[in-house]
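*Asks:* This is the structure I have questions about; it appears just below.
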Amino acid sequence: MPYIQSERLIEVILGKKPMHRKFLKSTLTQLTDEERADAERYIDFLTAEGASLEDLAECYLTIVHDTFREEMFFKETKRYRFTTYAEAAAEVYDNPNYMRRYMIGLALSSFWWINHVQMRRFFNDCIPRHKGGIYREVGPGHGLYFLDAMSTTSFDVYEGIDISATSVELTNRIINSGHFGDFSKARVWREDFLTTKFAELADALVMGEVLEHVENPEMFLSRAYDVTTNSASIFLTTCFNSPAIDHIYNPESVEGLQNLVRRAGFNVIKSCIIPKVGCSLDQCMRELLPVNVALLLSKRDAE
């Protein structure tokens, strides 16, 4: 099957950044036909809304260039650039033009960066297919995990809550477009997860790439415990030594992260740890190289 839009967009990207060819082509050879079709469908959706391939290439390269800049800063200083939510919000979340480029670029990286592809695969393996009740996602961002959940599971209600107005708009456009299916059971709104008064406890809670954006991860996880049923499935992803303009929390180690979730009342059921390509976990932790982590959790009260 030809993936015309994807191939055209990749060529536009490589025309602007030829040195990225080896990286992109390496991931493309590892994708399934279904994953390539998902990327094609998402790009079709964006172009149907009026985005040009040139625009989408700039969104993707925003992530590439900004990540490289922040990696250089981290290498020199051994710390992330910002330490507070207010700093990240001023630079990213409250900047609609930048936030749009950032979210679309991240979405495309979910299809074309092998570490992001592996985390999405783990999510789709872990999310319960035939469970009812409430699916709740904190920080749906670009909306792809939310879309996967709505497309493959049987929850009665799908809720998304995000601090960014731009993220809420992007996810709602996916939901309401009809491009991906009928998602009339979904609702996404802008609010602070720490202070929202939910009417009911969630039967599944997803926190994809959120923990590294919060000032107090222990408080955040305690809140996650409070808003879920005892039998809930909880899915969490985060990263180590992975600087981005809006990352403010860098976990000390895999063991430290696991201890953090246990203190909040959760058990680790299953984990997916993805060191930088070509490196071991020990090397990454020793040399401050990036590691992605995804965890499937349950509440200890369920035992």
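The values are calculated or read from the model by the stated rules, or taken from the named source; none is laboratory data. The structure presented is a predicted model; accordingly, all values stated were derived computationally and were not measured. Quick reminder, even Gly has a Cβ in these numbers, built from the backbone with ideal geometry, and neighbours come from all protein chains shown.
*Asks:* Can we say GLU159 is touching a residue at least 40 places away in the same chain (Cβ under 8 Å), closer than 16 Å to VAL227 by Cβ and outside the structural domain of LEU106 (by TED's automatic domain parsing)?
*Replies:* When the stated conditions are applied, GLU159 passes them.
*Asks:* Does the stretch 140-152 contain any residue that is out of contact with any helix residue (DSSP H, G or I) (no Cβ under 6 Å at 6 or more places or on another chain) and assigned to a loop (DSSP other than H, G, I, E, B)?
*Replies:* Taking every residue of the stretch 140-152 in turn, none turns out to be out of contact with any helix residue (DSSP H, G or I) (no Cβ under 6 Å at 6 or more places or on another chain) and assigned to a loop (DSSP other than H, G, I, E, B).
*Asks:* Kindly establish whether SER222 is of a type in the set (Ser, Thr, Tyr), outside any strand (DSSP E or B) and at pLDDT 95 or above.
*Replies:* Against the criterion (of a type in the set (Ser, Thr, Tyr), outside any strand (DSSP E or B) and at pLDDT 95 or above), SER222 qualifies.
*Asks:* Quick one: count up the residues across the stretch 58-116 that are closer than 13 Å to SER242 by Cβ and in contact with a Phe, Trp or Tyr (Cβ under 6 Å, 6 or more places away or on another chain).
*Replies:* Residues in the stretch 58-116 being closer than 13 Å to SER242 by Cβ and in contact with a Phe, Trp or Tyr (Cβ under 6 Å, 6 or more places away or on another chain): 1 in total.
*Asks:* With the condition kept exactly as written, say whether any residue in the stretch 23-45 is assigned to a helix (DSSP H, G or I), over 22 Å from the mean Cα position of the chain (by Cα) and among the polar types (S, T, N, Q).
*Replies:* Scanning the stretch 23-45, I find no residue that is assigned to a helix (DSSP H, G or I), over 22 Å from the mean Cα position of the chain (by Cα) and among the polar types (S, T, N, Q), so the answer is no.
*Asks:* Does ARG81 satisfy the criteria of being in the same structural domain as ASP38 (by TED's automatic domain parsing), outside any helix (DSSP H, G or I) and surrounded by 15 or more Cβ atoms within 10 Å (Cβ to Cβ)?
*Replies:* Against the criterion (in the same structural domain as ASP38 (by TED's automatic domain parsing), outside any helix (DSSP H, G or I) and surrounded by 15 or more Cβ atoms within 10 Å (Cβ to Cβ)), ARG81 qualifies.
*Asks:* Let me ask something else about it. Can you name every residue in the stretch 197-209 that is over 17 Å from the mean Cα position of the chain (by Cα), surrounded by 13 or more Cβ atoms within 10 Å (Cβ to Cβ) and more than 12 Å from GLU159 (Cα to Cα)?
*Replies:* none
*Asks:* Confirm whether MET119 is over 15 Å from TYR42 (Cα atoms) and not assigned by TED's automatic domain parsing to the domain that holds ASP192.
*Replies:* Judged against the criteria, MET119 is not a match.
*Asks:* Does the stretch 138-154 include one or more residues that are surrounded by fewer than 23 Cβ atoms within 10 Å (Cβ to Cβ), over 17 Å from ARG120 (Cβ atoms) and touching a residue at least 12 places away in the same chain (Cβ under 8 Å)?
*Replies:* Yes, the stretch 138-154 has at least one match.
*Asks:* From the list GLY50, GLY15, exactly one residue is out of contact with any helix residue (DSSP H, G or I) (no Cβ under 6 Å at 6 or more places or on another chain) and assigned to a helix (DSSP H, G or I). Which is it?
*Replies:* It is GLY15.
*Asks:* Here's another thing I want to ask about it. When you go through (1) touching a residue at least 24 places away in the same chain (Cβ under 8 Å); (2) out of contact with any helix residue (DSSP H, G or I) (no Cβ under 6 Å at 6 or more places or on another chain); (3) closer than 28 Å to PRO275 by Cα one by one for HIS116, which number turns out not to apply?
*Replies:* (2)
*Asks:* If you take the residues of the stretch 23-48 that are charged (D, E, K, R) and at pLDDT 95 or above, which of them is farthest from THR171 (Cα to Cα)?
*Replies:* Checked the stretch 23-48; the qualifying residue farthest from THR171 (Cα to Cα) is ASP33.
*Asks:* Moving on to the next point. Restricting to the stretch 254-303, name every residue that is farther than 28 Å from SER222 by Cβ and either among the charged types (D, E, K, R) or in a loop (DSSP other than H, G, I, E, B) (or both).
*Replies:* Matches in the stretch 254-303: LYS276, VAL277, GLY278, CYS279, SER280, ASP282, ARG286, GLU287, LEU288, LEU289.
*Asks:* Do the conditions hold for SER184, that is, is it hydroxyl-bearing (Ser, Thr, Tyr), more than 16 Å from TYR145 (Cα to Cα) and assigned to a strand (DSSP E or B)?
*Replies:* no
*Asks:* What are the pairs with Cβ atoms under 8 angstrom where one residue, in the stretch 201-219, is at positive phi and the other, located anywhere, is small (Gly, Ala, Ser)? Sequence gap at least six, or different chains.
*Replies:* GLU209/GLY139; GLU209/GLY141
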